[in-house]
Amino acid sequence: MASQMANIPALKDLHGQLSTRMTKAVEDFRTNLLAVRTGRASVHMLDNVRVDYYGSEMPINQLAQLSAPEAQQIVVQPFDIGTVGLIEKAIRTSGQGFNPMHDGKIIRVPVPPMTEERRRDSVKQLSGILEDHKTAIRNIRRDGNDSVKKSAKDKLISADDEKRATEEIQQMTDAQIKQLDDMFKVKEKELMTV
């Protein structure tokens, strides 16, 4: 869809900013989807695990190489063998229900099949994340509408341009929220499929 806002000099930058911010919100949601646990092993399941390493919280992927050689197992190979215990503890206490084991060099994280209750909890958690991202996009819409109103008040754009810009911002918002909903439905189906 051709942007009418991009053709109005006073709103050209605003259109680009809104589009970029909304796209970032959608990409952040996509990243969150990858971290949600399903029945299959994925290295992204450990994306939110932080390891207390010399007094600072480090993402696990900065301390170890992660791989999923089997459908039900994640293998964590620390770069520094001295961190094996710290990484194992961080995975165990991450609240994802993992029970890692190590042989002194490599940590194996079995991914148990998900129970019906755990699937429902994951969908519930994911719907909360979805709502947070929808709210973020609505806040971006509000910021855009405020900027358009300010431009109209300052006589930088006409009343017709204000109306068209407001409608276009709403269309952008609707499109991004629909994209979030579609991604959520796909992940929900994946989670609830046994």
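So, counting K/R as plus one and D/E as minus one, what does the shell of residues with Cβ under 9 Å around A10 add up to?
Here the charged neighbours net out to -2.
What ratio of Cα Rg to 2.2 N^0.38 Å holds for segment 144-184?
1.44
Could you put I106, I60, I81 in order of accessible surface area, largest first, with the 1.4 Å probe and the full protein assembly present?
From most exposed to least exposed: I81, I106, I60.
For the chain, what does -39500 (n - 2.57) per DSSP helix run (n ≥ 4), summed and divided by total residues, give at 222 nm, in deg cm²/dmol to the nearest 500?
Estimated from H runs of four or more residues: -19500 deg cm²/dmol.
How much accessible surface area, in Å² rounded to 10, belongs to the heavy atoms of E27 with a 1.4 Å probe?
80
Using a 1.4 angstrom probe and counting only protein chains, how large is the accessible area of R40 in Å², to 10?
130
Between R142 and R50, with labels modelled 7 Å along Cα→Cβ, what's the label distance in nm to one decimal, could you check?
That separation, rounded to one decimal, is 2.7 nm.
Rule-of-thumb check for the chain: C-alpha Rg over 2.2 N^0.38 Å?
1.37
Just to confirm a number: summing +1 for Lys and Arg and -1 for Asp and Glu over residues other than K89 whose beta-carbon lies under 14 angstrom from that of K89, what do you get?
Working: positive: R50, R92; negative: D52, E57, E88.
Once positives and negatives cancel, what remains is -1.
Helix 116-153 versus the longest principal axis of the chain: what is the Cα-based angle in degrees, 0 to 90, to the nearest 10?
The helix 116-153 is inclined about 30 degrees to the chain.
Let me spell out the model: positive unit charges on the Cβ of Lys and Arg, negative unit charges on the Cβ of Asp and Glu, origin at the Cα centre of the chain. What dipole size does that give, in debye rounded to 20?
The calculation lands at about 200 debye.
Compute the long axis of helix 159-192 from its Cα atoms, compare it with the longest principal axis of the Cα atoms of the chain, and write down the angle in degrees, 0 to 90, nearest 10.
For helix 159-192, the angle is close to 20 degrees.
By how many degrees, 0 to 90 and rounded to 10, does the Cα axis of helix 12-35 deviate from the longest principal axis of the chain?
Helix 12-35 and the main axis of the chain meet at about 20 degrees.
Cut-off under 25 Å on the C-alpha distance; same-chain residues fewer than 8 positions from K178 excluded. Which lysines are left, in chain and number order?
Once the sequence-local lysines are set aside, what remains near K178 is K12, K24, K124, K134, K163, K187, K189.
The values are calculated or read from the model by the stated rules, or taken from the named source; none is laboratory data. Here the structure is a predicted model, which is why all the values come from computation and not from measurement. Virtual Cβ from ideal backbone geometry, glycine too; neighbours counted across all protein chains shown. With ligands, DNA and RNA removed, areas are computed over all heavy atoms of the protein, side chains included. Shrake-Rupley method; radii C 1.70, N 1.55, O 1.52, S 1.80 Å.
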